[in-house]
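See structure below.
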Amino acid sequence: MKPDLLMTLAPRPHQLAQLEERFTLHWLNKADDPDALLARVGPTCQAMFANGHFHLDQAFLDKMPALKIVSITSAGYEAMDVEAMSRRGVWLTSTSEMLTDDVADTAIMLMLATRRRLVEGDAYVRTGAWGQKGMFPLTVSTAGKKVGILGLGRIGSAIAKRCEALGLEIGYFGRGPKDVPYAFFDTPEGLAGWSDILIAATAGGEGTAHLVSAETLAALGPAGTFVNISRGTVVDEEALIAALGNGTIASAGLDVFMDEPNPNPALLGLPNVTLYPHHASGTEETRDAMHQRAVDNLVAWFDDRPLLSPANRPD
């Protein structure tokens with residue numbers, strides 16, 4: 001018999017076909033009565049296919065006594081109680097390495113679009129304002145500026161390489177210095193004070209909540225640009241809104257927000273912020289690769305092979 005697999009989202013078509021061939025799928029996200037489904041299949045489901053936004057806590061684990069592995073299609077998993085999973089002996093796998101390039105590209109896209117006011121420029125052409133009012137107002141250059149990266153992990157390092165190619169000077173903040181030719185700063189405020197552009201590329205979660213504070217934004221200064229492709233929790237969003245509104249910083253490019261998919265209306269009314277719908281990894285190629293990695297991790301576990309990308313170490 002095929003192993004039971006709890007599904008909390010729809011995979012990409014090619015990956016769905018692979019899962020259907022290997023497992024018996026139980027669709028929690030399509031169930032009329034999710035609790036009844038869990039009561040029926042929880043005692044037999046050893047595996048789960050999800051993303052990092054699924055709220056998995058001790059109460060959920062109690063309904064899944066046979067659970068041994070949760071394979072997610074995303075890099076982050078702040079909504080999951082990883083400690084509780086580890087105590088229960090449940091493996092968690094992620095897909096962080098699959099989305100590095102597209103997320104790094106998005107950081108650069110937002111940086112350039114924000115500083116050169118791409119969205120406003122597009123509207124200026126489409127509405128006929130160019131012909132009516134003449135030349136679009138001057139913007140600010142990026143070449144030769146200093147970019148500070150909060151978090152020099154896999155994605156942060158990929159952003160740094162792209163910034164090098166653009167002729168930017170690079171600094172970073174992290175848990176400690178790395179063997180890289182970039183300036184290290186031991187506080188976010190110190191990095192922001194040095195930077196013309198500040199890019200958040202760190203993981204989310206309690207440990208990085210409000211890492212970009214009102215003080216950090218003040219240090220970035222009235223000519224500074226803030227870009228966030230990490231998590232909405234990394235920045236004090238109220239402080240960011242105030243900073244954009246009163247000129248504490250010049251501009252921001254945001255892919256992530258505290259409330260998704262309904263960002264704070266105050267952000268929507270600001271002319272100096274470029275908004276993107278948490279879509280940094282949203283390409284056909286990368287989403288296929290992310291879902292394939294989630295499938296491959298499941299297959300590896302059931303074949304008693306090493307997991308490709310474990311995110312925890314169960315007790």
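The values are calculated or read from the model by the stated rules, or taken from the named source; none is laboratory data. Remember, predicted model here, so these are calculated numbers, not experimental data. With ideal geometry, Cβ positions are generated from the backbone for all residues, glycine too; neighbour counts draw on all protein chains shown.
Scanning segment 28-59 for residues that are assigned to a helix (DSSP H, G or I), closer than 13 Å to Thr8 by Cα and of a type outside the set (D, E, K, R) turns up Leu28, Asn29, Pro34, Leu37, Leu38. Only one of the listed residues (Ala50, Ala59, Ala39) is within 25 Å of the chain's Cα centre (by Cα) and of a type outside the set (D, E, K, R). That residue is Ala50. Here is a check on your reading of the model: is Gly253 in the same structural domain as Leu112 (by TED's automatic domain parsing), closer than 17 Å to Val119 by Cβ and either of a type in the set (A, V, I, L, M) or free of Cβ contacts under 8 Å to residues at least 12 places away in the same chain (or both)? No; evaluated as a whole, the condition is false for this residue. Of everything in segment 240-260 that's surrounded by fewer than 18 Cβ atoms within 10 Å (Cβ to Cβ) and assigned to a loop (DSSP other than H, G, I, E, B), which residue is farthest from the chain's Cα centre (by Cα)? The qualifying residue farthest from the chain's Cα centre (by Cα) is Gly247. When residues in segment 75-117 are screened for being part of a loop (DSSP other than H, G, I, E, B) and hydrophobic (A, V, I, L, M, F, W, C), 4 of them pass.
Here is the figure for segment 263-297: residues that are exposed (fewer than 12 other Cβ atoms within 10 Å of the Cβ) and either under 15 Å from Ile241 (Cβ atoms) or at pLDDT below 95 (or both) total 4.
Across segment 261-315, the number of residues qualifying as part of a loop (DSSP other than H, G, I, E, B) and within 15 Å of the chain's Cα centre (by Cα) comes to 9. Consider segment 82-117 and keep the residues that are of a type in the set (D, E, K, R) and crowded, with 19+ Cβ neighbours inside 10 Å. The one that is nearest to Leu166 (Cα to Cα) is Arg115. Return the residues of segment 62-90 that are under 22 Å from the mean Cα position of the chain (by Cα), charged (D, E, K, R) and at pLDDT 95 or above; say none if nothing qualifies. Scanning segment 62-90 gives Asp81, Glu83.
Filtering segment 143-177 to residues that are free of Cβ contacts under 8 Å to residues at least 40 places away in the same chain and either aliphatic (A, V, I, L, M) or surrounded by 14 or more Cβ atoms within 10 Å (Cβ to Cβ) (or both) leaves Ala143, Ser157, Ala160, Glu164, Ala165, Leu168, Glu169, Ile170, Gly171, Tyr172, Phe173, Gly174. Among the residues making up segment 55-73, those that are of a type in the set (S, T, N, Q) and crowded, with 22+ Cβ neighbours inside 10 Å are Ser71, Thr73.
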